Amino acid sequence: MLTEVELESFKDNLLDRRVQIEKNLRGTSLELDGMRDLELNDEGDYAAAAAETVVDSAILVQQRKELNEIELALDKIKHGTYGTCEMCEELISKARLEVKNFARYCITCREINEKETK
């Protein structure tokens with residue numbers, strides 16, 4: 001069971017990460033908008049811009065996914081269910097939460113979940 005101090009620390013980490021992701025999303029969106037206005041002179045310029053857009057788009061998707069996970073974790077903190085595995089309902093280890101603040105599953109259930117989704 002997490003102490004109030006530990007819970008508050010995880011909440012602060014999640015809020016800080018949320019701010020960073022929102023900043024990244026705004027910056028990447030502005031970059032993508034700027035690329036649309038570029039004058040591309042040849043196929044090489046176009047290919048380079050397209051490749052960069054694909055990478056930026058993949059980053060946006062991943063960061064939006066992480067942002068959703070953070071929002072879910074913050075909601076769990078509010079409702080007193082943070083740190084409980086969604087599959088087995090056992091407590092998620094503090095060490096795991098320190099590595100991945102928005103973890104939804106304990107290590108065992110995460111492995112099961114990953115095998116099932118492959």
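Couple of notes before you dig in:
- 5 angstrom amide H check on Ile92, placed H, neighbours 5+ away: Thr84, Cys85
- Put a dot 7 Å past the Cα of Asp75, heading toward its Cβ, do the same for Asp16, and the two dots end up 2.5 nm apart.
- Computed lengthening from Arg26 to Glu90, 0.36 nm per intervening residue step minus Cα-Cα distance: 19.3 nm
- Here's the list of lysines a cross-link from Lys94 could span, going by alpha-carbon distance under 24 Å and ignoring same-chain residues fewer than 8 apart: Lys11, Lys65, Lys76, Lys78, Lys115.
Quick note: the coordinates plus some simple rules give every number you see, no bench work behind them. Computed from a predicted model, the values in this text were never measured in an experiment. Counting neighbours? That spans all protein chains shown, and the Cβs are built from the backbone with ideal geometry, glycine included.
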